[in-house]
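K.L.:
The structure's right below; bear with me while I get my questions together.
The values are calculated or read from the model by the stated rules, or taken from the named source; none is laboratory data. Small disclaimer: the values here were computed from a predicted structure and weren't measured. Methodologically, a virtual Cβ is constructed for each residue, glycine included, from the backbone with ideal geometry; neighbour enumeration extends over all protein chains shown. Accessible surface is based on the protein model in full, side chains and every heavy atom, while ligands, DNA and RNA are left aside. Shrake-Rupley method; radii C 1.70, N 1.55, O 1.52, S 1.80 Å.
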Amino acid sequence: MGFLLFFTTFSLFLSTVAQVNGAILKTISRNDLDSVSKINEHLLVVFVTKDCDVCTEAETQLSLLAKGDFEDAFPVTIVRVVDMDLPRSLGIATSPPVIFFYRHRNPVVYDGRIEAAAVNEWISYNHESSLKILNDENFEHLTQAGSGATTGDWLVIFCDARGGSCVRFQPIYETVASKLKGRLNVAFVDTSNNGDLFNRFSLDKPLTIILFRLGKMYEYSIDKIDIASLTSFCLGWYKNVEGTRVPLQPTPFDLLTSHVATLLKDSHFYLIASIFIIGMLGLILAVVIMTCSESKTKAKKDLKPRKKE
């Protein structure tokens, strides 16, 4: 009877530790992380290593989240990955455990003490991404960068979304946006389909990070891209960089001439345009020759003496 009671109590304990949101807290591989984040709108991932006491304690704390009101407000799937390569490659942490919280596949990094109550509060604060998306249409309206930045300071990441840098550093951008929320705006621009902004700021690199502040722009030129460095840059280190005036928003005529210039630089367009121009010149020349020929023929007829009747 005593053994049965002990076994039942121990089983209930294991069930409490291993279940979150009514599902088993399971281990997934690093390779499965992308697919799992696709099917879970809110996914909490703890990166751990084997034979790690602090990792075990962290998992126990995370399992306690199932007991609070958080479960009803923000349904979250919690899993673990026994692999520290991702956090280490981003310079986020060298030792486990590390927590990533994916919101619609947008990951933010937790850097506090891993206690159930603290993580619960942090999740509530970060249940949606703080990183804003800017494009050709809304950039000036939202940032007012060219008119003096009356909407506050903006850290803008200009990046070609087709390249690896955008995806790789996304957890860093998201975390900086979360840390600076309410103090500074952090935004992302996909330069692959926002040509007006690409030309306006003369972006010649796959990744350019610029702080817009009081009508001036400060480019982040540090080779190291991590949470601490970007945060420090925004909060004061930018003063070590020479600021330049923000280029004014181009007029419709400026945009037209810019697009024409871009097209002319394209070799295929230049070839087609050249052929078209040559063809038109040839057609005009042919018309002129035919007109001259007909005029000469008519003139000869007029000069020919008429027969007397």
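K.L.:
Under the rule of at least 5 residues apart or a separate chain, name every residue whose amide H is placed under 5 Å from the amide H of His42.
P.N.:
Thr77, His104
K.L.:
When the accessible area of segment 75-187 is split by element with a 1.4 Å probe, what percent falls to carbon and sulfur?
P.N.:
48
K.L.:
So for each of 82-94, 102-114 I average, over its residues, the number of other beta carbons within 10 Å; can you give me the resulting order with the highest mean first?
P.N.:
In decreasing order of mean packing, 82-94, 102-114 become 102-114, 82-94.
K.L.:
Moving on. Report ³J(HN,Hα) in whole Hz for each residue of segment 279-288, in order, from the Karplus equation J = 6.51 cos²θ - 1.76 cosθ + 1.60 where θ = phi - 60°; Gly and Pro get x.
P.N.:
Result, rounded to whole Hz: x, 5, 5, x, 5, 4, 4, 5, 5, 4.
K.L.:
In this model, which of Lys38/Lys181; Lys181/Lys216; Lys181/Lys224; Lys26/Lys181 are farther than 30 Å apart at the alpha-carbon?
P.N.:
As for pairs spanning more than 30 Å Cα to Cα, those are Lys26/Lys181.
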